[in-house]
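The values are calculated or read from the model by the stated rules, or taken from the named source; none is laboratory data. Given the structure is predicted, the values throughout are model-derived calculations rather than measurements. Glycine gets a Cβ as well: all are built from the backbone with ideal geometry, and neighbour counts include every protein chain shown. Just the protein is used for accessible areas: all its heavy atoms, side chains included, with ligands, DNA and RNA removed. Shrake-Rupley method; radii C 1.70, N 1.55, O 1.52, S 1.80 Å.
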Amino acid sequence: MTSRSAVPPIRLGINIDHIATLRNARGGRNPDPLRAAKTVVGAGADNITAHLREDRRHIRDDDIVRLAAARLAPLNMEMAVTPEMLTIALKVRPHATCLVPERREELTTEGGLDVASQIDTLKPFIAELRRAGIHVSLFIDPVIEQIRASREVGADAIELHTGTYCNAVTTGDTATASRELKRHQDAARQAAALGLEVHAGHGLDYDNVGPIAAIPEIVELNIGHYLVGEALFVGLAESVRRMRTIMDEARKDLRHEAKQVSTAGT
Ligand code: PXP
């Protein structure tokens, strides 16, 4: 369990898929995901996240190659568990991969990876990535069975799918929102106790990110769609800076709380 007196800093990974969505709407080269990556790193992002989908609906192969080669910040490549993606990852060698479930007809990644039912497939897949020096995280729902399975298959990290929590906050369903938040808090604690690094993402925005950023075991958030939408109104750099500020404030409160607890104990 993470001691509250040692709250680790939290990283912000920006998912730039939807810069590519906009580019692909017209074909051509603009807006360029690499330029977006430079902008978000300049604005305080720690990592760049990009999902190379099987159908290449947004990020394409050459985007991943250029993002990895530019070395602006650690690249987190989201990908499905397929032989094609394994080959690409081993060639491109991103800093990290996040393994996600993928269905062609979905608009976005709808649920977590069912790690528990794919132990035999995932073990060698993850071992190959790790042998190449690539960190592996698994995008899962906050369920203890999936957390234990993630440990068993040898992942370095899990990324908790925050979609249900975020939807509940947005629709004002406070009962579901607090139940989901508790599930994430418990899951983060359980995962950290098993030695897994804990990330979270999906559907995060300015209004719902605070309580998630305040979970002490979570050390990375990956955020995309909302910030790219906000960028239309305030610019990409400003949308990232504001998110960074909100996350840091949530974390600062936690550190403040930790300090008070440790002072009270002396
Ligand atoms: N993390 C993972 C694993 C995802 O699949 C996505 C969506 O592509 C995100 C984070 C970011 O979600 P959003 O675009 O809703 O912020």
- Query: In the range 3-50, which residue that is open to solvent by less than 30 Å² (accessible area, probe 1.4 Å) and β-branched (Val, Ile, Thr) is farthest from the ligand (Cβ to nearest atom)?
  - Reply: Val7
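Of the residues that sit in the range 102-125 and are within 16 Å of the ligand (Cβ to nearest atom) and β-branched (Val, Ile, Thr), which one is surrounded by the most Cβ atoms within 10 Å (Cβ to Cβ)? Outline the logic, then answer.
Filtering the range 102-125 down to residues within 16 Å of the ligand (Cβ to nearest atom) leaves 102-115, 122.
Among the residues that remain, those that are also β-branched (Val, Ile, Thr) are: 108-109, 115.
Values: Thr108: 11, Thr109: 21, Val115: 29.
The qualifying residue surrounded by the most Cβ atoms within 10 Å (Cβ to Cβ) is Val115.
For the range 138-252, please list each of the strands (runs of 3 or more DSSP E) lying entirely inside it that holds at least 2 residues being at pLDDT 95 or above and away from the ligand (no atom under 12 Å from the Cβ).
Numbers: elements: 157-161, 197-201, 218-223.
Output list reads 197-201, 218-223.
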- Message: Checking the conditions here, which among Val92, Val65 is surrounded by 15 or more Cβ atoms within 10 Å (Cβ to Cβ) and either of a type in the set (S, T, N, Q) or modelled with pLDDT of 95 or more (or both)?
- Response: Val92
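Looking for something among the basic types (Lys, Arg), within 15 Å of the ligand (Cβ to nearest atom) and in contact (Cβ under 8 Å) with a residue 24 or more places away in the chain - is there at least one such residue anywhere in the range 57-65? Please lay out each step first, then the result.
In the first step, residues of the range 57-65 are kept if they are among the basic types (Lys, Arg); the result is 57, 60.
Pick out the ones that are also within 15 Å of the ligand (Cβ to nearest atom) and you get 57.
Now narrow it down to the ones that are in contact (Cβ under 8 Å) with a residue 24 or more places away in the chain: 57.
Yes, the range 57-65 has at least one match.
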- Query: Counting just the residues of the range 126-137 that are outside any helix (DSSP H, G or I) and more than 10 Å from the ligand (Cβ to nearest atom), which one comes out most open to solvent (accessible area, probe 1.4 Å)?
  - Reply: His135
- Task: With respect to Arg71, determine if the residue is over 21 Å from Ala155 (Cβ atoms) and modelled with pLDDT under 95.
- Result: no
